[in-house]
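The values are calculated or read from the model by the stated rules, or taken from the named source; none is laboratory data. This is a predicted model, so every value here is computed, not measured. Note that we place each Cβ from the backbone using ideal geometry, even for glycine, and neighbour counts take in every protein chain shown. Surface areas here come from the heavy atoms of the whole protein model, side chains and all, with no ligands, DNA or RNA. Shrake-Rupley method; radii C 1.70, N 1.55, O 1.52, S 1.80 Å.
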Amino acid sequence: MKGDHIGEFEELVLLTIQGLDEDAYGVSIKTRLDRETRREISLGAVYAALDRLEAKGLVDSAVTPGAAVRGGRSRRSFVVTPEGRRTLRHLRSLRDRLWRAALAREES
Amino acid sequence: MTQAPRPSRLFTIGGAIVALVVPRDRREMVEGDLIELWHERRQIGRRDLRRAYVRDLAGLVAATRRQRRRDARSIAQRLRGGFAMWMDVRHAIRVFRRQPVFTAAAVLTLTLGIAASTAIFTAVDRLLLRPLPYPTPEQLMEVRKAPIRFGPGPALSQAFRALEIFDGAGVYDSGGTNLEGRGESARLVAAIADDGFFEAMGVGPLLGRPMPSHTADGFPHFAVLAYDTWVARFQGDRAIVGTAITLNGKSYTVSGVMPPGFRFPGRTEVWLPPGADFQVTGTAYAPTVVARLAAGVTIERARAAL
C-alpha cells in the first residue's frame with residue numbers, strides 16, 4: 001500500500017501536523033518539533049520530509065495568505081489525509097504491541 | 001573588524017540563496033518562513049539571530065543537495081536498467097549468430113506456435129464467440145443433393161416451400177462477375193440467389209428491397225450489393241438503389257444493399273438472380289437449396305419428409 005513505509009522523522013512530522021491546533025506550515029511544524037525534541041531541527045529537513053509525505057499521499061498542501069510578520073509572504077499549509085491518519089494509527093498500534101511485549105519481558 | 005549585515009541586507013542575501021536552491025513556486029513561502037523564524041527567535045530573546053538564520057539557509061542548501069543526489073541516483077538507475085537490457089539484446093544476437101541451427105529451430109517453433117494459436121482462436125471466434133449474421137441459424141438447413149433436377153426458374157424453391165416442414169426455402173450458388181463502367185474493371189465475388197434465399201436466411205436489405213428473382217418475362221436484371229461493396233465501390237451512396245451497374249457487360253438495376261456482416265455464401269460482394277447470367281457460376285445449373293425449418297420440426301423429421 002502506498003505510504004506504508006515512512007521513516008522516523010517523517011512519522012514525527014506527520015504526527016506534529018496532526019497535533020497542531022494552529023495552521024501547520026514550515027515554521028509552526030519546526031517550532032513544535034524543536035520544543036518537543038529539545039534540539040534545533042533544520043528547516044530544510046522539515047521541507048524534505050513534507051515533500052516526501054506529500055508524494056506518498058499522506059499529507060495535502062495548500063497556499064494560504066501570509067501574515068505581516070512574514071512580510072506578507074504566503075505560507076504552504078499542510079493537513080493530514082485520511083491515508084496519513086491510517087498510517088499513524090497503524091504505526092501506533094505496532095509500537096503499542098512491541099512495547100507490551102518488551103514490558104512483559106522486563107517484568108518477568 | 002567587519003560589521004555584521006543588518007537584517008534587511010541579510011534577508012536580501014538569504015533571498016538570493018533561496019532563489020538558487022528552491023523552485024520558483026516555493027520561494028516566497030520559504031523566504032516567509034525564514035523571516036518569521038527570525039522574528040520568533042527575536043521575540044524569545046535569542047541573541048544568535050544571524051547565526052541561526054545562516055544555519056537555516058545551510059540546512060536548506062544541504063537538503064536540496066541531498067534531494068538532487070537522490071534524483072540523480074534514480075535517473076542513473078533507470079539508465080543502467082536500459083543499458084543492461086541493450087546488453088542482453090546484443091548478447092542474444094551474438095548467441096543466435098553462433099548457433100544458427102538452434103536459432104532457426106527456435107524461430108520455426110515460435111512461428112508454428114503463434115500460427116497454430118492464431119488459427120485456433122480464429123476458428124473458436126468464428127464458430128463459438130461471434131454470432132452468425134442471421135437469426136436462429138440452428139433452424140437453417142442445406143440440401144446439397146436436390147432430389148429432382150430443375151432449371152433456374154422458380155420451380156425448385158417453390159417445391160421446397162410447398163413442404164409444410166419448411167417456413168421458407170431458396171437457392172444459391174457461388175461464382176464471380178466483372179464490375180465494369182466505374183473506373184477500372186473489378187472482379188467481384190458473386191452469388192446467384194433467388195428471393196426465397198433472402199427469406200429463408202431471415203435477413204432483409206439495409207437499403208432498398210430484395211430483388212425479384214423471377215418475373216413473367218423471365219429473369220430480371222436486378223442486383224443486391226453487400227454492405228462492404230456498397231461502401232468501397234460506391235462510396236456508400238444511398239442513391240445507388242434504382243441505378244444501373246454493369247456486370248459482365250450486362251446492365252443490372254441495384255435493388256438493395258444488405259446490412260453489414262451479411263456476406264453469405266462465403267465472402268459474397270454481389271447477389272444476382274439465377275438465370276440472369278450463366279457465366280457467374282458456369283453453365284451447369286446446380287444450386288444449393290437453403291431452407292428454414294418450421295417451428296417444432298426436427299432435422300430428422302425433415303430428412304424423413306424429403
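Odds and ends about this structure:
- Output for the stretch B:246-259, where each listed residue is in contact (Cβ under 8 Å) with a residue 60 or more places away in the chain and either surrounded by 22 or more Cβ atoms within 10 Å (Cβ to Cβ) or under 14 Å from B:TRP230 (Cβ atoms) (or both): B:LEU247, B:PRO259
- Selection within the stretch B:190-212 - among the hydrophobic types (A, V, I, L, M, F, W, C) and either in a loop (DSSP other than H, G, I, E, B) or under 17 Å from B:PHE278 (Cβ atoms) (or both): B:ALA190, B:ALA191, B:ILE192, B:ALA193, B:VAL203, B:LEU206, B:MET211
- Comparison of A:SER74, A:SER108 shows that the only residue that is within 14 Å of chain B (Cβ to nearest Cβ) and among the polar types (S, T, N, Q) is A:SER74.
- Residue check, B:GLN67 facing chain A (nearest Cβ under 9 Å) and polar (S, T, N, Q): yes
- Selection count where residues are aliphatic (A, V, I, L, M) and touching a His at 6+ places or on another chain (Cβ under 9 Å), scope the stretch A:50-76: 1
- Which listed residue is in a loop (DSSP other than H, G, I, E, B), open to solvent by less than 90 Å² (accessible area, probe 1.4 Å) and away from chain B (no Cβ under 14 Å), from A:GLY57, A:GLY84, A:GLY66: A:GLY57
- Residues (over 20 Å from A:ASP51 (Cβ atoms) and either facing another protein chain (nearest Cβ under 8 Å) or open to solvent by 60 Å² or more (accessible area, probe 1.4 Å) (or both)) located in the stretch B:28-49: B:ILE35, B:HIS39, B:GLU40, B:ARG42, B:GLN43, B:ILE44, B:ARG46, B:ARG47
- Count of the stretch B:44-83 residues, restricted to those that are of a type outside the set (Phe, Trp, Tyr), part of a helix (DSSP H, G or I) and closer than 19 Å to B:ASP33 by Cα, is 15.
- B:THR246 being farther than 14 Å from B:ALA193 by Cα, part of a strand (DSSP E or B) and of a type outside the set (Gly, Ala, Ser): yes
- Odd one out for B:ASP25, checked against (1) surrounded by 11 or more Cβ atoms within 10 Å (Cβ to Cβ); (2) under 30 Å from A:VAL46 (Cα atoms); (3) not hydroxyl-bearing (Ser, Thr, Tyr): (1)
- A:SER77 being in contact with an Asp or Glu (Cβ under 9 Å, 6 or more places away or on another chain), of a type in the set (Gly, Ala, Ser) and within 18 Å of B:ASP25 (Cα to Cα): yes
- Evaluation of B:GLY14 against the conditions (1) within 12 Å of another protein chain (Cβ to nearest Cβ); (2) free of Cβ contacts under 8 Å to residues at least 40 places away in the same chain; (3) surrounded by 10 or more Cβ atoms within 10 Å (Cβ to Cβ); (4) part of a helix (DSSP H, G or I) shows that the sole unmet condition is (2).
- Tally, over the stretch A:3-24, of residues that are hydroxyl-bearing (Ser, Thr, Tyr) and at pLDDT below 95: 0
- Considered as a group, the residues in the stretch B:17-27 that are in a helix (DSSP H, G or I) and not acidic (Asp, Glu) include one that is nearest to the other protein chains (Cβ to nearest Cβ), and that residue is B:ARG26.
- Taken over the stretch A:24-54, the criterion of being open to solvent by 40 Å² or more (accessible area, probe 1.4 Å) and more than 9 Å from chain B (Cβ to nearest Cβ) is satisfied by A:ARG32, A:ARG35, A:GLU36, A:THR37, A:ARG38, A:ARG39, A:ARG52, A:GLU54.
- Single residue of the stretch B:50-64 satisfying the filter (more than 7 Å from chain A (Cβ to nearest Cβ) and free of Cβ contacts under 8 Å to residues at least 12 places away in the same chain) that is surrounded by the fewest Cβ atoms within 10 Å (Cβ to Cβ): B:ARG51
- Restricting the stretch B:220-240 to residues that are open to solvent by 50 Å² or more (accessible area, probe 1.4 Å) and in contact (Cβ under 8 Å) with a residue 24 or more places away in the chain leaves a set whose member that is farthest from the chain's Cα centre (by Cα) is B:HIS221.
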